[in-house]
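Take a look at the structure below.
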Amino acid sequence: MTNFSKEQVTFKHKLNFVDAELDEIKQKNLYRKLRYGKAQGSHIIINGKKLLNLCSNDYLGIPSTKIQMKQLQSSSRLVSGNDESYKKLEEALAKHKSHQSSLIYPTGYMANLGAISTIVKKGDLVLSDELNHASIIESCKLTDSKISIYKHNDMEDLKKRLKQKAKNKFVITEGIFSMDGDLSSLKQITEISEKTNAVTIVDDAHGDFVIGKDGKGTPDYFKVVKKIDLYISSLSKGLGSFGGYITSQRNVVDLCVNKSKSFIYTSALPSFLVEYSFKRFQSNREIQKKKLEKNTKQLTEGLKEIGYEINSHSQIIPIIIGNEKRAMDFGRFLFDNGVYVQPIRYPTVPKNKARLRISVTAWLSTTDIEKSLEIFEKAYRKFYN
Ligand SMILES: Cc1ncc(COP(=O)(O)O)c(C=O)c1O
């Protein structure tokens with residue numbers, strides 16, 4: 001048993017109120033626990049058990065890249081942490097997204113927080129899709145604007161809400177929705193934005209490097225690249241590296257350098273990670289992209305053949321279970337049988353819309369997918385019959 005010092009006991013006592021909240025979370029089957037594991041390409045090892053990893057966001061599965069680790073850290077970018085490698089990568093990203101300029105943040109989450117809170121002001125109106133990611137929701141809360149949540153991908157609702165008066169109007173959507181795997185109605189959104197003079201912002205964390213020509217993302221897929229005013233993404237998904245970034249007009253990036261707190265008041269992303277992203281950006285992504293498309297098709301069709309209702313058209317394939325406990329049981333069954341897919345519950349998704357969020361990667365071989373499908377078939381017999 002742990003022996004607490006007098007100070008620790010006092011501290012523990014003062015925070016006892018936390019237990020009540022934890023108990024409530026547990027009662028609702030919403031308790032989350034960290035699991036330690038080692039992700040290795042197509043597999044992950046957890047407690048010595050080797051499982052097929054069907055919940056990785058390293059979609060392209062670019063083989064590991066050799067980089068030199070020099071000085072790990074210096075300071076924030078505006079002080080002495082602005083390594084030369086940033087210039088190379090930012091220029092490449094801006095060009096890739098056909099924008100004038102780009103800015104790298106330590107994470108995609110921070111890119112959203114930083115950029116949105118910098119350009120949206122008091123008196124403005126923000127139209128945000130109801131399924132937008134937590135980082136977008138939090139970013140909007142940081143502004144003094146009026147926030148209007150439109151029904152998921154519902155263009156009539158968006159149009160209606162855009163009639164409200166405001167100084168500047170912003171429409172924010174994800175490119176590929178992270179928990180549903182469906183694509184935003186980006187073509188219509190850009191048309192509506194154009195008519196109403198609203199700024200279009202896309203968080204394309206899950207579409208970037210994955211869809212569109214040369215992995216240019218959801219705007220390229222819908223041929224609306226020129227109509228996107230601010231593009232926000234992550235380097236930690238398709239590219240399988242680490243970090244976040246924005247691309248936009250030069251003046252927007254300039255203002256973010258000057259005003260966005262999650263850029264200014266934090267240490268620079270270590271340069272070896274920037275170098276790592278750049279090398280992966282330059283690698284033969286096309287081969288990986290094709291493999292990912294093939295794997296997505298094989299898994300999606302296989303699941304549909306078994307009888308699962310699949311509505312996604314991307315590498316993110318949710319199996320909607322509904323009840324939280326049932327989703328946990330489903331996840332546990334898959335785990336016991338050798339497949340790792342984390343059940344996703346409220347508040348990440350709405351209440352009673354718990355799901356198994358499968359994500360396909362190019363790491364998986366045809367045999368890996370066949371094996372996974374056998375286990376999903378077993379699960380179908382157990383949970384649906
Ligand atoms: C839609 C979306 N935006 C932003 C982020 C945050 O990106 P990062 O993991 O780089 O912080 C995520 C990550 O899950 C996401 O799904």
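None of the figures in this text is laboratory data; all of them are computed from the coordinates on show. Remember, predicted model here, so these are calculated numbers, not experimental data. Cβ: placed from backbone, ideal geometry, glycine included. Neighbour counts: every protein chain shown.
See the values below:
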item: Options T266, S314, Q298, ranked by Cα towards positive dipole end of the range 257-326, top entry (Cβ charges); result: T266
item: Value of [θ]222 nm, deg cm²/dmol, for the chain, DSSP H segments ≥ 4, -39500 (n - 2.57) each, nearest 500; result: -12000 deg cm²/dmol
item: Linear extension gain, I147 paired with K382, 0.36 nm per residue minus alpha-carbon span; result: 80.2 nm
item: Debye, to nearest 20: dipole size of the chain, +1 on Lys, Arg Cβ, -1 on Asp, Glu Cβ; result: 300
item: Chain lengthening between K259 and V79 when straightened (0.36 nm per residue, less Cα-Cα); result: 63.3 nm
item: Relative contact order computed over the range 127-212 (Cα-Cα under 8 Å; 6+ residues apart), in percent; result: 30
item: By average C-beta atoms within 10 angstrom, highest first, the peptides 296-302, 106-112; result: 106-112, 296-302
item: At q = 0.17 Å⁻¹, base-10 log of I(q)/I(0) for the range 171-253 (Debye sum, equal scatterers on each alpha carbon); result: -0.62
item: Tail fraction, Cα-Cα pairs, the chain, threshold 38 Å, whole percent; result: 24
item: Partners for K87 among lysines (Cα-Cα distance below 18 Å; same-chain residues under 8 apart left out); result: K70, K95, K97, K279
item: Residues F222, F333, sorted so that the one with the fewest Cβ neighbours within 10 Å comes first; result: F333, F222
item: Environment charge of Y86, counting only residues whose C-beta is closer than 12 Å and scoring Lys/Arg +1, Asp/Glu -1; result: -2
item: Normalised contact order of the chain, rounded percent, pairs of Cα under 8 Å and 6 or more residues apart; result: 22
item: The range 134-177 versus the range 231-273: alpha-carbon centroid distance in Å; result: 22
item: Protection proxy ranking, peptides 51-60, 250-259, 227-236, average beta carbon neighbours within 10 Å, highest first; result: 227-236, 51-60, 250-259
